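Laboratory data are not the source of any read-out in this text; all were calculated from the coordinates shown. Just so it is clear, the structure is predicted and the values come from calculations on it, not from any experiment. Positions of Cβ are backbone-derived with ideal geometry, glycine not excepted, and every protein chain shown enters the neighbour counts.
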Amino acid sequence: MTAGSYVGRFAPSPTGPLHFGSLLAACASFLEARRHNGSWILRIEDIDPPREQDGASDDILRVLDAYGFEWDGEAVMQSRSDEQHREALVSLSAHTYECDCSRRKLASQPVGELGVVYPGTCRDRDLAPGDTATRIRVGDAVSQFDDELQGQQAMDLARESGDFVIRRRDDLIAYHLAVVVDDHLSGVTHIVRGIDLLSSTHRQVFLQSRLGASTPTYAHIPVAVHPNGDKLSKLTGAPGLDGDDAAAELAHALRVLRQMPPQGLEDATVDDIWAWALEHWDMSRLAGLRNVPA
Ligand code: GLU
């Protein structure tokens, strides 16, 4: 790969402070980008105000800075590309329809890998936009991609998802559409993120094909788990990171990411830890792993 042709990114949602799981995704995507002499974009996914926490965006920027992350250019606020998200929505209109099904109405439907499988109730109703969501028809699409860490992935979208929402009933653009449009606008070539997003990647790959956007290379890193197997998350008591103990937490993140840092690296400076990590980073140590002990 020639210098500069790799564009990676980290895309946290400002729903709360960064936690250890997000630090792992940030480290892995950053190190992988730098190992390829690539650039690394930071995008704050602030397009879901009801789920956002006051001050979280600033807090995320401050904490990433405390860890010594260096992103290229200004941090991108996803809300700035609202117009492009809506243009993409319009460009997909030959494949979409309006739907007024409530969550409650759908609750009794079969569940697939991506949650409730939409049975197509509104597909031929030709509803006018109003108090409605917009869904995209999946037809008989089978999405496929080769994940750098998790191998070949395939999904029959009709069976596991059904037609899915790309504009919500509250008129907010759904995550899958926004993420695909923004990665495309930023020329992202490689996406390294947590395995919790592995199966939803299929919807994103499907949207890329509908929009004529190229599919980036994906690598989904394992999730960090407590000894009892529970995923580390806010719900299971993982604390928000404040960056006060950045060196020790970075060194610990590298250990959890199976990079085998030398004993004592946690006592080094943040700069020295990054220097070590940039020299030794080997993402393939995570190949095939779905979870790693925190
Ligand atoms: N904003 C998403 C999250 O914080 C991640 C998006 C992505 O990496 O594609 O879960």
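Phi angles of the range 38-43 translate, via the Karplus equation with coefficients 6.51, -1.76, 1.60 and θ = phi - 60°, into HN-Hα couplings of x, 9, 9, 9, 10, 10 Hz per residue; Gly and Pro are given as x. Of the beta bridges in the chain, as assigned by DSSP with both residues counted there, near 55 percent are antiparallel. Within the chain, Cys27, Cys101 have no other Cys Cβ under 4.7 Å of their Cβ and so lack a disulfide-compatible partner by this rule.
Here the relative contact order of the range 16-156, from alpha carbon pairs under 8 Å that lie six or more residues apart, stands at 18 percent.
Amide H to amide H, with H built 1.01 Å from N, Ile221 comes under 5 Å of Arg193, Gly194, Ile195, counting only residues 5 or more places away or on other chains. Amide H contacts of Asp147 (H built 1.01 Å from N, in plane; Pro and chain starts excluded): Gln152, Gln153 sit under 5 Å, all sequence-distant by 5 or more or on other chains.
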